[in-house]
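Engineer: Just dropping this structure here.
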Amino acid sequence: MDGNGRWARARNFPVMAGHRAGAEAVRRCVRGAINHGVRYLTLYAFSSENWRRTPQEVGDLTTLLRFYLRHKVAELHREGVRLVVIGDVGRFESSLRDEISRAEKLTARNTRLTMVLALSYGARADITRAARLMAEAAIRGDLDITQANENDLARFLQTHQFPDPDLVVRTSGERRLSNFLLWESAYAELAFLDVLWPDFNEEHFAALMADFERRERRFGGRVEHRTVAP
């Protein structure tokens, strides 16, 4: 979800205003997913690299995240949305981790849409963690490493409980994956939009779905449910 800062600077607003507008775009994206029958929506909200930003911006982002977890999760719950967080959340302060846990527990039984929020997430770090856990399982004798395959490693990824994404969307004119779902996106369709994330709306979502329907996917088995990962 890229372009919050550029959106704000183009309007002579503080960067925080762009992040607030981006949070509203999330709500529109969730509505679009529900309206189009998408079952899994993964949002790259805060990357492991985002910790390199200024303390002021990191603080603003975490404050905004805490606000939405505290005051907006009830809306997701009413819509039947299950919230799951992936990433190295241990880097956040305990009060924010508590808000994340509360939101996950509140929405745990919802089935209309699973919204996966990637926070302090990096795909390379997750693959490295999975490899380490896989090695530890082999040392314990729980896994025959000589027979290990891709599925064995995948079950140690934080995304193991979700299907791989069918479609990965990048906004704001960027043309790269930037360390997002690298393993899981091996056969995903890719879409790159020039629109800045705060301007993303349900019409953009509908256009993405229409474009996806026209694509011919040349591989064997397909996942049961369509998934989207902006």
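The values are calculated or read from the model by the stated rules, or taken from the named source; none is laboratory data. This is a predicted model, so every value here is computed, not measured. With ideal geometry, Cβ positions are generated from the backbone for all residues, glycine too; neighbour counts draw on all protein chains shown. To get the accessible areas, we keep the full protein, side chains included, count just its heavy atoms, and leave off ligands, DNA and RNA. Shrake-Rupley method; radii C 1.70, N 1.55, O 1.52, S 1.80 Å.
Engineer: Of everything in the range 101-128, what is in a helix (DSSP H, G or I), among the hydrophobic types (A, V, I, L, M, F, W, C), more than 15 Å from Leu76 (Cα to Cα) and open to solvent by less than 60 Å² (accessible area, probe 1.4 Å)? Give them in sequence order.
Structural biologist: Passing the criteria: Ala123, Ile127.
Engineer: What pairs come out if I take residues in the range 129-156 that are open to solvent by less than 40 Å² (accessible area, probe 1.4 Å) and pair them with residues that are among the small types (Gly, Ala, Ser) whose C-beta lies under 7 Å away, six or more apart or interchain?
Structural biologist: Qualifying pairs under 7 Å: Met134/Ala148; Leu143/Ala137; Leu153/Ala130; Leu153/Ala131; Phe156/Ala130.
Engineer: Among the residues of the range 53-81, which ones are touching a Leu at 6+ places or on another chain (Cβ under 7 Å) and open to solvent by 50 Å² or more (accessible area, probe 1.4 Å)?
Structural biologist: Selection gives His77 alone.
Engineer: Identify the residue in the range 10-22 that is modelled with pLDDT of 95 or more and not hydrophobic (A, V, I, L, M, F, W, C) and, among all such residues, is surrounded by the fewest Cβ atoms within 10 Å (Cβ to Cβ).
Structural biologist: Asn12
Engineer: For the range 23-35, indicate whether the set of residues that are of a type outside the set (Lys, Arg), out of contact with any helix residue (DSSP H, G or I) (no Cβ under 7 Å at 6 or more places or on another chain), farther than 16 Å from Phe205 by Cβ and at pLDDT below 95 is non-empty.
Structural biologist: no
Engineer: Does the range 1-21 include one or more residues that are touching a residue at least 40 places away in the same chain (Cβ under 8 Å) and of a type in the set (Asp, Glu)?
Structural biologist: Yes; the residues of the range 1-21 include at least one that is touching a residue at least 40 places away in the same chain (Cβ under 8 Å) and of a type in the set (Asp, Glu).
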